[in-house]
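The values are calculated or read from the model by the stated rules, or taken from the named source; none is laboratory data. These figures come from a predicted structure and were not determined experimentally. Don't worry about glycine lacking a Cβ; one is built from the backbone with ideal geometry, like all the others, and counts go over all protein chains shown.
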Amino acid sequence: MPHSDTDHLGVVVGKQDGPRIVALATSAVFSEPSLLRTYWHTDAAHLDSGIQAHLYTRPQDVLVVQVPDGALDPAHRIGDALDANAAVWRRHVGIELATSGSRIVLVTGSRPPVVRSAVPSTTWVHGTLIDAVAETWARGVGAVLAFVLSEELLDRLPPSAADLGLARRARVVSQLMDKNVAMGILAAGGVDCPLTVVHPAVDGSSGLHLPEGLRYVFKPAGGAAGVGVFTDDGRGADIATLTGHIAELRAAGVLPRRFQVQEFLSGPVLGASMWLDGAGGCRVLEVHRQVIDGSGRFQGARWTRTGEAAQVVAVRAIGEAMSVAIGVPLLVGIDLVDGRVIEVNPRLTASAPIAHLLRHEGALGQALPGGSIESIDLDVRVPIASGRRLSAAVDRVRQQHGVLALPQGVNPYGSTRVAFVNDDEAGSARSAFVRLVAG
């Protein structure tokens with residue numbers, strides 16, 4: 001199956017060579033943005049940072065980063081963070097990422113930053129990450145790495161940016177971003193899924209008719225990342241508990257207009273990233289075990305070579321059926337329990353660093369004692385106090401544990417996502433690293 005060097009991340013819209021605009025908007029995964037305010041009491045401007053996309057840049061690319069309201073001296077702080085992370089990747093892996101000398105676009109929301117330092121490589125945009133993509137394109141950078149190939153993104157670019165194939169794929173992405181529509185497409189394509197009852201029903205009725213004896217999960221149709229998911233503390237809700245939960249949401253005026261009730265499956269949650277060609281072909285990029293907290297939010301993942309080998313044949317069969325059902329070339333992530341698909345995500349997911357690191361195994365292997373990647377652990381909430389602490393911590397865990405600790409992008413205003421290559425299952429190197437980098 002033909003593929004490019006970015007199909008494990010998304011789609012390059014525009015010129016296929018030369019600089020690319022790299023802007024990872026976390027909020028783009030929510031087809032119903034109001035859920036963020038309802039359940040997480042935040043909005044897109046506070047959810048987005050874009051810094052985690054640093055891993056996917058090249059020195060000639062343009063990185064777009066959202067600056068928090070009231071941030072102090074963001075140009076220098078973000079520049080220093082980029083340089084610290086780029087130095088880790090250059091020194092330990094031999095891969096060059098964007099630095100403070102690359103073109104950086106800083107995006108401000110409702111309030112300007114306290115200090116606007118004069119950094120020649122930095123420009124400012126007031127608005128959202130997509131606003132910044134559109135303005136940067138207009139300034140002459142005619143390509144964007146689309147992590148979510150949304151219709152909203154294509155609408156903001158010149159008509160010449162998207163051919164009919166891209167427009168069709170964007171429409172399919174929009175359909176699949178709605179969990180109710182997505183599960184219907186999979187079921188119609190013969191993909192093994194748990195019982196899923198949608199509201200409103202396909203025929204427009206609003207009643208939920210649920211079989212007795214099962215336990216259930218409540219999911220908003222336009223959500224992602226576990227927002228609004230109700231599992232009754234991870235054990236699945238019986239019908240009475242589920243009905244009570246829906247009644248409470250309705251009484252509070254926060255019941256989503258569209259939602260689904262899905263059969264609860266017990267067991268570990270697996271995730272897989274795949275590239276589908278839309279005609280029955282599937283290339284499995286990686287299969288991992290997810291780490292989910294009590295509220296259903298993704299906290300990390302563990303990939304192992306042996307674990308993937310045990311699942312890859314079954315996952316590929318699922319992907320081949322999905323490829324026919326979806327009908328367009330697309331990057332997708334799926335969540336599975338007991339071999340059944342509980343969710344599909346038509347985009348880059350939080351596990352994307354796994355496929356990216358495996359893509360660079362040749363370079364990484366030279367930095368590992370055993371010469372190959374045997375495991376990858378992702379932790380999405382690592383506090384890194386400074387670039388100096390980062391460098392020392394990476395050196396220490398590599399020397400003492402034979403483990404590479406590789407940040408996606410160092411966030412000077414919050415937690416950083418870090419991949420640990422070849423750590424033990426207990427996370428010994430990860431624990432040591434966290435102690436070393438904490439301020």
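Within the stretch 153-175, track down each residue that is among the charged types (D, E, K, R) and over 18 Å from Leu129 (Cα atoms). If the condition is that a residue be among the charged types (D, E, K, R) and over 18 Å from Leu129 (Cα atoms), then Asp163, Arg168, Arg169, Arg171 are the ones that fit. Filtering the stretch 409-432 to residues that are surrounded by 17 or more Cβ atoms within 10 Å (Cβ to Cβ) and either without any contact (Cβ under 8 Å) to a residue 12 or more places away in the chain or closer than 19 Å to Glu374 by Cα (or both) leaves Val418, Ala419, Phe420, Val421, Asn422, Asp423, Gly427, Ala429, Arg430. For the stretch 383-408, the set of residues classified as over 27 Å from the mean Cα position of the chain (by Cα) and over 24 Å from Ala352 (Cα atoms) consists of Arg388, Ala392, Asp395, Arg396, Gln399, Gln400, His401, listed by residue number.
Considering the stretch 117-144, the residues that are among the charged types (D, E, K, R) and within 19 Å of Leu24 (Cβ to Cβ) include one that is surrounded by the most Cβ atoms within 10 Å (Cβ to Cβ), namely Glu135. Checked against the criterion of being modelled with pLDDT of 90 or more, surrounded by fewer than 18 Cβ atoms within 10 Å (Cβ to Cβ) and touching a strand residue (DSSP E or B) at 6+ places or on another chain (Cβ under 9 Å), the candidates Gln60, Gln16, Gln52 yield just one match: Gln60. Of all residues in the stretch 359-408, those satisfying the criterion of being among the acidic types (Asp, Glu) and in contact (Cβ under 8 Å) with a residue 12 or more places away in the chain are Glu361, Glu374, Asp377, Asp379. Among residues of the stretch 48-71 that are without any contact (Cβ under 8 Å) to a residue 40 or more places away in the chain, none has a beta-carbon under 6 Å from a residue that is of a type in the set (Asp, Glu) and in a loop (DSSP other than H, G, I, E, B) at least six positions away or on a different chain.
Restricting attention to the stretch 19-34, the residues that are part of a loop (DSSP other than H, G, I, E, B) and modelled with pLDDT of 90 or more add up to 4. Put simply, of Gly70, Gly50, Gly94 the only residue that is on the phi > 0 side of the Ramachandran plot and within 21 Å of the chain's Cα centre (by Cα) is Gly50.
Scanning the stretch 409-439 for residues that are part of a strand (DSSP E or B) and of a type in the set (Lys, Arg) turns up just one, Arg417. Selection of the stretch 336-372 for residues being over 12 Å from the mean Cα position of the chain (by Cα), under 17 Å from His8 (Cα atoms) and not in a helix (DSSP H, G or I) yields Val344, His360. The number of residues in the stretch 374-408 that are within 17 Å of Leu364 (Cβ to Cβ) and part of a strand (DSSP E or B) comes to 8.
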